[in-house]
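The values are calculated or read from the model by the stated rules, or taken from the named source; none is laboratory data. The model shown is predicted, which means the values in this text are computed figures rather than measured ones. All Cβ positions, glycine included, derive from the backbone under ideal geometry; neighbour counts span all protein chains shown. Side chains included, ligands, DNA and RNA excluded: accessible areas come from the protein's heavy atoms. Shrake-Rupley method; radii C 1.70, N 1.55, O 1.52, S 1.80 Å.
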Amino acid sequence: MAMPTEPEITFPLYAADLTTTAQFADTGKCMICSQHAVVCFRLGIGTAIICTCASCGEQTALASVGGGAEDAFCVRCEQALAINALPADPVACGTCLRAGKVAITKDTEFGMVRWEDAMAGRTHGVPGHLTTGGLPTAPTEDDWTSVLVDPAILLDLVRTPTYNTWQGEQWLFCCRHPMVYIGEWSQPDLGQHSDDDLTTTFMAVFDDAEPWVLQFMPANPTQDADWGFYVFRCRLCDKVRGHFDMT
């Protein structure tokens, strides 16, 4: 019998190939809706299942690893939550991720954003001073600086898969919004982006870059490299920014 097909799912903040996501799991059975999906996402460390209490209507984020149905309780009324037993390698479909039934924690330039942070309309914060591009800030209990962002905007972020990196993502912002991840760049991408020479373009795109780092950028998209160059585009002003890391 033919497997049912899933409607094509797009993520407004992820414009790169979905197979490049850190959670990409290929075809599987979604543990949330129990439907087979062509593209699924692994629910590992840093992901949460969002449950709604049948008794009081409160939403609760449950870690998708390290716990189970037997210890799932509402944060407001403490009633037991009815969730599917977690399989050994839980996955969720893109439809359930976009619908907010799953959340993926993000590391950003303004600090970590978990589901509970998104609901509160603030990043978890970072130590020291932040340049936020006009976003308001607030101190945290541990003397870090938290950035205040519309909850709807941050919820869109945690309902987006994470791009794959060597040392961990750093989702960038522009115009008070998370930017759209457009993929890893090689040197030809720099040339297509601007008529300036490669070094000038590189320095304009990648924050805090030094000119010598350009030599480690792959000469073509298929070249194996020990460095990754991750690029974002602003949905509002079309500006391009990026960051890089290495093995």
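For K29, the lysines whose Cα comes closer than 21 Å to its Cα, not counting residues fewer than 8 places off in the same chain, are K101. In order along region 121-131, the phi-based Karplus estimate (6.51 cos²θ - 1.76 cosθ + 1.60, θ = phi - 60°) of 3J(HN,Hα) comes to x, 7, 7, 5, x, 9, x, x, 7, 10, 9 Hz; Gly and Pro are listed as x. Converting phi to 3J(HN,Hα) with the Karplus coefficients 6.51, -1.76 and 1.60 and the offset θ = phi - 60°, region 141-155 yields 5, 9, 6, 8, 10, 9, 9, 8, 9, 3, x, 4, 5, 6, 5 Hz in sequence order, with x at every glycine or proline.
All Cα-Cα separations within region 121-197 were binned at 5 Å from zero, giving a P(r) of 3, 12, 19, 19, 18, 14, 8, 5, 2, 0, each value a whole percent of the pairs.
How high is the FRET efficiency from A152 to N220, r the C-beta distance, R0 30 Å, rounded to 0.05?
Details: r = 39 Å, r/R0 = 1.32.
The calculated FRET efficiency here is 0.15.
For E8, E141, E116, E169, the ranking by accessible surface with the largest value first comes to E141, E8, E116, E169, using a 1.4 Å probe. For the chain, averaging the sequence separation of C-alpha pairs within contact (under 8 Å, six or more residues apart) and dividing by the residue count gives a relative contact order of 16 percent. Computed extension gain for F24 through D197, at 0.36 nm per residue and net of the alpha carbon distance, reaches 58.7 nm.
Could you please put S34, S194 in sequence from largest to smallest accessible area, using a 1.4 Å probe?
Correct descending sequence by accessible area is S34, S194.
Take the Cα of T247, step 7 Å toward its Cβ, do the same at C56, and the gap between the two points is 5.1 nm. Per residue, region 94-175 exposes 43 Å² of solvent-accessible protein surface, assessed with a 1.4 angstrom probe and all protein chains in place.
Histogrammed with a bin width of 5 Å, the alpha carbon distances of region 113-244 distribute as 2, 10, 17, 20, 19, 13, 10, 7, 2, 0 percent, first bin at zero.
Using the alpha-carbon positions of the chain, Rg (one decimal) and Dmax (whole number) come out as 19.6, 62 Å. Basic side chains Lys and Arg get +1 at the Cβ, acidic Asp and Glu get -1 at the Cβ, and with that the dipole of the chain about its Cα centre reaches some 840 debye.
For the chain, give the percent of accessible area contributed by carbon and sulfur heavy atoms, probe 1.4 Å, rounded to a whole number.
Here carbon and sulfur together make up 50 percent of the probe-accessible area.
Taking every alpha-carbon pair under 8 Å whose residues sit at least 6 apart, region 103-210 reaches a relative contact order of 24 percent.
Computed with a 1.4 Å probe over protein heavy atoms only, the accessible surface of region 13-56 comes to 46 Å² per residue.
Using the Cβ-Cβ distance between C175 and E141 with R0 set to 35 Å, the FRET efficiency from 1/(1 + (r/R0)^6) comes to roughly 0.75.
Over the Cα atoms of region 166-205, the radius of gyration divided by the Kirkwood radius equals 1.02; this is the Rg/Rh ratio. Amide H contacts for T137 (H built 1.01 Å from N in the peptide plane; partners 5 or more residues away or on another chain; cut-off under 5 Å): L148.
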